[in-house]
Amino acid sequence: MPAGRGARLNRVLAKPDPEHSLVLTLYRWATVLIGLLVPALLRARARRGKEDPARLEERLGRASRPRPPGGLVWIHSVSVGESQSVLPLIERLALQRPDLTILSTSATVTAAALLARRLPPGVIHQYAPVDTPAISRRFMDHWRPDLMILVEGEIWPNLILGARSRGARLALLSARITARTAAGWARAPGAASALLSCLDLVMPQDAASAERLARFKVQTAGPLNLKLVGEVLPFDAAVLADLKRQIGERPVVLAASTHAGEEAMIVLAFRKARDRTGLDALLILAPRHPERLDPVLDAIGGPCAVRSRGDLITSQTELYVADTLGELGLFYRLAQVAVLGGSLVPGIGGHNPLEPARLGVPVIAGPHGFNFAEIYQAMFADGQGALLAADADALADQIGHCLADAAYARRLGQGGLAFATGAAASLDQAMSRLEPLLP
């Protein structure tokens, strides 16, 4: 064993030993039994489009790529939002430490598609292994990470203990610990504290998460919200020019990342705003999950153009359904204002308002964006790029205001751009905290 890895192994083993936790022992045995069912469950998910059938072996810890020699940093993000937020960190690591191999894992098909387009050259992507003892051991034996970076709330005991037992350093960045998560941990506080003691670095994304972590004796190293430090969404310049040609001078409202129950509300509010202002505006409706096209069309309840069908935008087009992945960068660049989905109905938690803010696009959001509560609270302040629509009538009013007063919409968007630019500086602090943990 290399001397550096041996020293790290001695250091981590000097921490409280989670191996002695009865709860964690029971968890390991339970996941041993669950592991017998995992292959069949993955195949069933693949039939429903929830897994990539060509890469199921990766979910079982069997790598589809060889491990390069030298140091390796493993960064795990579960789905699209987390994967998108971690890209600036990956890019910075790849730039500053080209001697290291970076392994990026994700758990969803949509996140894998995003990372396939956006990861820097040389970064390896694999699907995340299921957290059973045998699968995590197989994964760790192959990849042997020197540093394991988890994002937001990805606390997987078998993977964490497997990395720790091999002397890897562990970091939890942009940690988001909800009240529900903390309540679950409180049912076994000793086990939670023992598992969390394996982490060498924890940077919570908000004060509430820091307070909840402190209840379990976790020392944090300052705030970091990776969703504040993301980069501007990419776009295809030729496609953008073509869409602009089709739209002409018409003002555009974008409904971005919408969910069930939101499309009908947004269409109704848009039509009210259109009637009040007398403007020939266009609504682009981009559902969060493009496979929901049929329910979206039902909610619209009238004629519309659909991007996946190759429909063009004409002077008669009122609604354009953008049912594609990875093209929000295009549609934000067309919009005079964006209504951000996931916030108009309860239970979803909203989506990141900084994506449009980085492009100077003002945001209208509903009252249910709890996943981004602190960001929204700051952006709802005067001139910071976002407007709150408490109900359907307020949504129509806000859309109408931004359509009728383009200068007002531009000022609001510029305030959001200034806020998003200032928030990005925290990545420098995160890199300085990670430096001592790098191989």
task = Restrict the check to the stretch 27-47 and report whether at least one residue is part of a helix (DSSP H, G or I) and at pLDDT below 55.
result = no
request  = Residue by residue through the stretch 48-69, note down the ones that are farther than 30 Å from ARG292 by Cα and either modelled with pLDDT under 95 or under 26 Å from the mean Cα position of the chain (by Cα) (or both).
outcome  = GLY61, ARG62, ALA63, SER64, ARG65
query = Of all residues in the stretch 48-65 being among the aliphatic types (A, V, I, L, M) and not in a helix (DSSP H, G or I), which is most open to solvent (accessible area, probe 1.4 Å)?
reply = ALA63
key: Of residues in the stretch 295-326 being more than 21 Å from PHE235 (Cα to Cα) and β-branched (Val, Ile, Thr), the one surrounded by the most Cβ atoms within 10 Å (Cβ to Cβ)   = VAL296
task = Go through the stretch 377-428 and give me each residue that's open to solvent by less than 70 Å² (accessible area, probe 1.4 Å) and polar (S, T, N, Q).
result = GLN384, GLN398, SER426
key: Any hit, the stretch 177-190, residues being modelled with pLDDT of 95 or more, buried (at least 21 other Cβ atoms within 10 Å of the Cβ) and not small (Gly, Ala, Ser)   = no
query = What number of residues in the stretch 157-216 are more than 30 Å from TRP143 (Cα to Cα), under 22 Å from the mean Cα position of the chain (by Cα) and assigned to a helix (DSSP H, G or I)?
reply = 8
ask   = Looking at LEU417, LEU403, which one is within 19 Å of ALA256 (Cα to Cα), in contact with a Ser or Thr (Cβ under 7 Å, 6 or more places away or on another chain), assigned to a helix (DSSP H, G or I) and not basic (Lys, Arg)?
value = LEU403
request  = Would you point out the residue of the stretch 211-237, among those that are farther than 23 Å from TYR27 by Cα and crowded, with 20+ Cβ neighbours inside 10 Å, that is modelled with the lowest pLDDT?
outcome  = GLY230
query = Picking from GLY329, GLY342, GLY347, which residue would you name as being on the phi > 0 side of the Ramachandran plot and open to solvent by less than 10 Å² (accessible area, probe 1.4 Å)?
reply = GLY342
inquiry  = Residues that are buried (at least 24 other Cβ atoms within 10 Å of the Cβ) and within 29 Å of the chain's Cα centre (by Cα): does the stretch 240-249 have at least one?
reply    = no
request  = List the strands (runs of 3 or more DSSP E) that sit entirely inside the stretch 281-391 and contain at least 2 residues that are at pLDDT 95 or above and closer than 22 Å to VAL109 by Cβ.
outcome  = 282-287
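The values are calculated or read from the model by the stated rules, or taken from the named source; none is laboratory data. Model, not experiment: these values are computed from the prediction. Backbone-built Cβ (ideal geometry, glycine too); neighbour counts: all protein chains shown. Note: accessible area is taken over every heavy atom of the protein model, side chains too, but ligands, DNA and RNA are not part of it. Shrake-Rupley method; radii C 1.70, N 1.55, O 1.52, S 1.80 Å.
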